[in-house]
Amino acid sequence: MAWKTLDDMDLDGKVVLTRVDINVPVENGEVTDATRIERIAPTVRSILAAGGKPVLLAHFGRPKGKVVADMSLEITRETLAQVLHANVIFADDCIGPVAEAAVEALEPGTVLLLENTRFHAGEEANDPEFAKALAALGDIYCNDSFSAAHRAHASTEALAKLLPACAGRLMEAELGALEKALASPEHPVVAVVGGAKVSTKLELLGNLLGRVDSIVIGGGMANTFLAAQGIDVGKSLCEHDLAETAREIMADADAKGCTLVLPVDVVVAREFAAGAASEVVAADACPPDAMILDAGPESVAAVSAVFEAAKTLVWNGPLGAFEIPPFNKATDAAALKAAALTKAGALLSVAGGGDTVAALNSSGAAGDFTYVSTAGGAFLEWLEGKTLPGVAALG
Ligand code: AMP
């Protein structure tokens, strides 16, 4: 899909309504992690450098269409100013006279932050009148919030259709990485699909089966596939009611020439606790009183071999219960292998969704992946092959 970027727009002297994701964690009135603010800095700086006036639109928490004092975006103002090295003015409404006066008074080189869009019910309702009131404030619309693009809200969808629209730098990077990984990838493509349950990943598996050459199935999900083949998985997390679905997925993969890579050995324990006594057994030899909590070393070697043969990797979900050592071993080893291949220029690797960012961060591998998406739900919907309204509206 083609979309415009900031480079295609004449920004000089223009008010650029910029949809960002600054839904940062806050504790005791302080921003505790500024990552999301740091990630929008290139966009805001590009707009300022081109003589434009950035006016930031964002949501914060879930106020459900009402003004909720402790969900005011004002709390982010100081951190924004520090990260952007710019003067940031705050207006306590995102539409109407307060916002209009603030835009009117905006000096070049200054950033305007408007109050939480979700204080108005029209935001989540994608209300055309609310979108018109937003559009009245600016000349150009820039969406830098891929993480909110799976929602058709006024500031992500309806507004994009009312003004000349473009993608911000973060959106551009995210879309570029995702297109390279799945829309027009270099084959062979391998996907890692891990995590707790098959039931939450059915659409994802359905979309990937027709697109990738192999899928490594890991985590609790793999137990369901093992059980579906008649293997006793003891007390493991397992969706026995999805056995038939798992068999259908295996048959579908076969028909489409997609190899499913299941664990050949597993790490089992009697308790789900840090440092619990554990042992490696063959995938079909889980003792009846034990549970599978990670993939074993032979499985990791098999996964590494698949990575070595691949040109492109898409990763969602851990291979084991990675938060509880030692059950992080397979996830860490496979992630570090992917990172090393990427660093050597042999692999394009894109990861994201749910716990994946935490898993790759804790393994130390994230920095060497080609792209790690922090977009959560939007990344997953994209992997599921869905059209994201906020992206479609930019086309
Ligand atoms: P998801 O949110 O579906 O990506 O699942 C991630 C969660 O799955 C993490 O909290 C992991 O601890 C958990 N998980 C992965 N493998 C297993 C396993 N074999 N048994 C129990 N939980 C697991």
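Restricting attention to segment 217-237 and to residues that are touching a strand residue (DSSP E or B) at 6+ places or on another chain (Cβ under 7 Å) and β-branched (Val, Ile, Thr), the residue that is surrounded by the fewest Cβ atoms within 10 Å (Cβ to Cβ) turns out to be VAL233. Exactly one residue out of GLU74, GLU100, GLU123, GLU129 is in a helix (DSSP H, G or I), touching a residue at least 40 places away in the same chain (Cβ under 8 Å) and surrounded by fewer than 16 Cβ atoms within 10 Å (Cβ to Cβ): that is GLU74. Among the residues of segment 242-259, is any of a type outside the set (D, E, K, R), assigned to a strand (DSSP E or B), open to solvent by 20 Å² or more (accessible area, probe 1.4 Å) and within 23 Å of ALA183 (Cα to Cα)? Within segment 242-259, one or more residues are of a type outside the set (D, E, K, R), assigned to a strand (DSSP E or B), open to solvent by 20 Å² or more (accessible area, probe 1.4 Å) and within 23 Å of ALA183 (Cα to Cα).
Whenever a residue of segment 266-277 is closer than 20 Å to ALA222 by Cβ, its partners that are of a type in the set (Phe, Trp, Tyr), lying with C-beta atoms within less than 7 angstrom and at least six residues away or across chains, give the pairs VAL267/PHE327. The residues of segment 368-377 that are under 17 Å from ALA333 (Cβ atoms) and either at pLDDT below 90 or open to solvent by 30 Å² or more (accessible area, probe 1.4 Å) (or both) amount to a single one, ASP368. Of all residues in segment 310-367, exactly one satisfies the criterion of being in contact with a Pro (Cβ under 6 Å, 6 or more places away or on another chain), surrounded by 23 or more Cβ atoms within 10 Å (Cβ to Cβ) and under 21 Å from ASN207 (Cβ atoms), namely ALA310.
Residues in segment 298-309 that are open to solvent by 10 Å² or more (accessible area, probe 1.4 Å) and away from the ligand (no atom under 16 Å from the Cβ): GLU298, ALA301, ALA302, SER304, ALA305, VAL306, GLU308, ALA309.
Going residue by residue through segment 259-270, is there one that turns out to be within 25 Å of the chain's Cα centre (by Cα) and of a type in the set (Lys, Arg)? Checked segment 259-270: no residue is within 25 Å of the chain's Cα centre (by Cα) and of a type in the set (Lys, Arg).
Of all residues in segment 276-292, one or more are open to solvent by less than 40 Å² (accessible area, probe 1.4 Å), under 29 Å from PHE379 (Cα atoms) and within 12 Å of the ligand (Cβ to nearest atom). Of all residues in segment 322-358, exactly one satisfies the criterion of being of a type in the set (Phe, Trp, Tyr) and farther than 18 Å from THR374 by Cβ, namely PHE327.
For ALA346, which of the numbered conditions (1) assigned to a loop (DSSP other than H, G, I, E, B); (2) under 30 Å from ALA183 (Cβ atoms); (3) within 11 Å of the ligand (Cβ to nearest atom) fails to hold? Here ALA346 meets the rest and fails (3).
Considering only residues in segment 43-68 that are among the small types (Gly, Ala, Ser) and under 20 Å from VAL98 (Cβ atoms), the one that is farthest from the chain's Cα centre (by Cα) turns out to be GLY65. Residues that are surrounded by fewer than 13 Cβ atoms within 10 Å (Cβ to Cβ) and outside any helix (DSSP H, G or I) occur in segment 33-48; there is at least one. Residues in segment 219-240 that are within 12 Å of ALA285 (Cβ to Cβ), within 12 Å of the ligand (Cβ to nearest atom) and out of contact with any Asp or Glu (no Cβ under 7 Å at 6 or more places or on another chain): LEU226, VAL233. Within segment 61-107, the set of residues being closer than 17 Å to THR43 by Cα and either at pLDDT below 95 or among the small types (Gly, Ala, Ser) (or both) comprises ALA81, ALA86.
Please count how many residues of segment 139-154 are over 19 Å from the mean Cα position of the chain (by Cα) and either surrounded by 23 or more Cβ atoms within 10 Å (Cβ to Cβ) or of a type in the set (S, T, N, Q) (or both). Residues that pass the stated criteria total 3. Would you confirm whether any residue within segment 306-320 is polar (S, T, N, Q) and out of contact with any strand residue (DSSP E or B) (no Cβ under 9 Å at 6 or more places or on another chain)? Scanning segment 306-320, I find no residue that is polar (S, T, N, Q) and out of contact with any strand residue (DSSP E or B) (no Cβ under 9 Å at 6 or more places or on another chain), so the answer is no. If we scan segment 7-16, do we find a residue that is of a type in the set (Gly, Ala, Ser), under 26 Å from ALA133 (Cβ atoms) and in a loop (DSSP other than H, G, I, E, B)? Yes, segment 7-16 has at least one match. Does ARG62 satisfy being open to solvent by 40 Å² or more (accessible area, probe 1.4 Å), in a helix (DSSP H, G or I), of a type in the set (Lys, Arg) and farther than 19 Å from LEU134 by Cβ? So ARG62 fails the test. Across segment 314-328, what is the total count of residues that are away from the ligand (no atom under 12 Å from the Cβ) and either among the aromatic types (Phe, Trp, Tyr) or not in a loop (DSSP other than H, G, I, E, B) (or both)? The qualifying residues number 1. Listed by first and then second residue, the pairs linking a residue in segment 192-216 that is open to solvent by 40 Å² or more (accessible area, probe 1.4 Å) to a residue that is assigned to a strand (DSSP E or B), with Cβ atoms under 6 Å apart and 6 or more places separating them unless they lie on different chains, are ASP213/VAL189.
The values are calculated or read from the model by the stated rules, or taken from the named source; none is laboratory data. Note that the structure is a prediction, hence the values are computed from the model and not measured. Note that we place each Cβ from the backbone using ideal geometry, even for glycine, and neighbour counts take in every protein chain shown. The protein model used for the area step is the full one, side chains on, heavy atoms only, and it has no ligands, DNA or RNA in it. Shrake-Rupley method; radii C 1.70, N 1.55, O 1.52, S 1.80 Å.
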